[in-house]
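Working notes, beginning with the structure itself.
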Amino acid sequence: MVHKRVRTAVFPVAGLGTRFLPATKAMPKEMLTVVDRPLIQYAVDEAREAGIEHFVFVTGRNKGVIEDHFDRQFELETTLEARGKVEALAELRMDLPSAGRTSFTRQQEPLGLGHAVWCARDIVGDQPFALLLPDMLFRSEPGVLKQMIETYEETGGNLVAVEEVPPEDVSSYGIVARGEGPDEGFRITQMVEKPKPEDAPSNLIISGRYILQPEIFNLLAEQTKGAGGEIQLTDAMQTLMRSQTFIGVKYRGQSFDCGAKIGFLTANVVYALDREDIRDGFLAELHKLGVGREIN
Ligand code: G1P
């Protein structure tokens with residue numbers, strides 16, 4: 001069966017980033033860099049690799065720089081050109097979605113992830129869409145969204161990327177219960193947002209990548225406040241599960257929760273060591289300081 005193609009992705013980027021203050025006082029947390037790319041760029045790259053054509057950002061106050069980041073910067077481009085920095089210029093241009101392929105809307109009040117997604121309803125319209133939470137960074141080949149699209153082409157419906165965490169961490173995430181099917185696509189039988197460890201149906205967390213059907217928007221419109229006093233996407237998905245299928249994809253790869261300091265710092269080290277142009281110099285500096293001698 002051919003399922004309606006997923007062409008649009010939503011990026012909720014309105015969060016206040018309180019865990020990174022004071023860095024995020026005047027700068028959006030999505031612009032924090034892992035090596036030399038802002039977090040939001042990694043999420044957009046992942047979406048493009050998966051065939052996404054339209055990028056919808058749900059922003060808020062103090063987030064204007066995200067819009068600038070996905071625009072041409074003529075002064076910079078002219079200077080790079082004049083200095084013959086051909087490669088840097090080509091890379092900058094490659095990072096940009098093409099003209100007319102980005103949309104920006106605002107979540108006016110911080111009412112939760114479910115409300116942020118609902119703010120994108122008019123732009124998305126009546127089609128399935130991908131949802132990427134840029135805090136979660138994935139080191140995987142191919143990207144997690146691409147792995148999900150491969151499953152979606154078989155199953156259709158709604159999909160959620162999942163991974164296992166230690167049982168004591170379940171209360172920081174949405175948790176799914178696993179039904180029948182293989183790792184690449186199993187039935188989800190229940191979802192609960194930030195349960196107490198003793199109430200969690202498993203240790204499989206919702207990892208911040210989704211493919212959703214547009215019927216979710218009507219449910220989000222009626223959704224009352226859930227965990228943490230916020231309008232939760234997980235609660236609306238649990239309701240949609242009564243009439244539509246939800247498939248879990250246990251993706252192949254590693255994740256870094258860059259919404260927390262340890263995940264963010266680890267990502268910076270791992271991504272730096274992954275880079276051919278940085279690895280040797282970085283290791284040499286660490287070794288000089290007596291750190292990381294066992295890495296070579
Ligand atoms: C959100 C979702 C949660 C998911 C998490 C992944 O929570 O509500 O279900 O597991 O993202 O990062 P938040 O991190 O916004 O509290």
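The values are calculated or read from the model by the stated rules, or taken from the named source; none is laboratory data. Computed from a predicted structure; not experimentally measured. Reconstructed Cβ throughout: ideal geometry from the backbone, glycine too, with neighbour counts over all protein chains shown.
Remark: pairs (first residue in the range 131-142, closer than 23 Å to Gln213 by Cβ and without any contact (Cβ under 8 Å) to a residue 12 or more places away in the chain; second residue within 16 Å of the ligand (Cβ to nearest atom) and assigned to a loop (DSSP other than H, G, I, E, B); Cβ separation under 6 Å; 6+ apart in sequence or on different chains) are absent. Applying a threshold of 6 Å to beta carbon distances and a minimum spacing of six or more residues, or different chains, the list of pairs starting in the range 187-199 at a residue that is in contact (Cβ under 8 Å) with a residue 24 or more places away in the chain and ending at one that is within 15 Å of the ligand (Cβ to nearest atom) and assigned to a loop (DSSP other than H, G, I, E, B) reads Gln190/Pro201; Glu193/Gly226; Glu193/Gln232.
Which one of Gly156, Gly185, Gly112 is crowded, with 17+ Cβ neighbours inside 10 Å and within 17 Å of the chain's Cα centre (by Cα)? Exactly one residue qualifies, and that residue is Gly112. For the range 164-213, filtered to residues that are touching a Pro at 6+ places or on another chain (Cβ under 7 Å) and part of a loop (DSSP other than H, G, I, E, B), the residue that is farthest from the ligand (Cβ to nearest atom) is Gln213.
So which residues in the range 149-174 are charged (D, E, K, R) and touching a Gly at 6+ places or on another chain (Cβ under 8 Å), if there are any at all? Reasoning before the result, please.
Within the range 149-174, the first condition is being charged (D, E, K, R), and the residues that meet it are 150, 153-154, 163-164, 168-169.
Passing the criteria: only Glu154.
Here Leu159 fulfils each of the conditions (1) under 20 Å from Ala116 (Cβ atoms); (2) of a type in the set (A, V, I, L, M, F, W, C); (3) near the ligand (Cβ under 10 Å from one of its atoms) apart from (3). Restricting the range 252-292 to residues that are of a type in the set (Lys, Arg) and touching a helix residue (DSSP H, G or I) at 6+ places or on another chain (Cβ under 9 Å), the residue that is farthest from the ligand (Cβ to nearest atom) is Arg279. For the condition out of contact with any strand residue (DSSP E or B) (no Cβ under 7 Å at 6 or more places or on another chain) and at pLDDT 95 or above, Glu215 qualifies. Gly290 satisfies every condition listed in (1) within 26 Å of Val144 (Cα to Cα); (2) without any contact (Cβ under 8 Å) to a residue 40 or more places away in the chain except (1). When Ala236 is tested against the conditions (1) touching a strand residue (DSSP E or B) at 6+ places or on another chain (Cβ under 7 Å); (2) within 12 Å of the ligand (Cβ to nearest atom); (3) outside any strand (DSSP E or B), the lone failure is (1). Looking across Arg61, Arg106, Arg7, one residue alone is under 24 Å from Glu230 (Cα atoms), touching a Gly at 6+ places or on another chain (Cβ under 9 Å) and of a type outside the set (S, T, N, Q). It is Arg106.
In the range 214-230, of all residues being among the aliphatic types (A, V, I, L, M) and within 14 Å of the ligand (Cβ to nearest atom), the one that is nearest to Gly156 (Cα to Cα) corresponds to Ile216.
Of the residues making up the range 1-50, just one is in contact (Cβ under 8 Å) with a residue 12 or more places away in the chain, among the small types (Gly, Ala, Ser) and surrounded by fewer than 17 Cβ atoms within 10 Å (Cβ to Cβ), namely Ala26. Considering only the range 253-274, state which residues are of a type outside the set (Val, Ile, Thr) and loosely packed, with under 14 Cβ neighbours inside 10 Å. Passing the criteria: Gln254, Lys261, Leu265, Asp274.
Pairs meeting the criteria (first residue in the range 248-273 and without any contact (Cβ under 8 Å) to a residue 40 or more places away in the chain, second residue loosely packed, with under 15 Cβ neighbours inside 10 Å, beta carbons under 8 Å, at least 6 apart or on different chains) are Leu273/Arg279; Leu273/Ile295.
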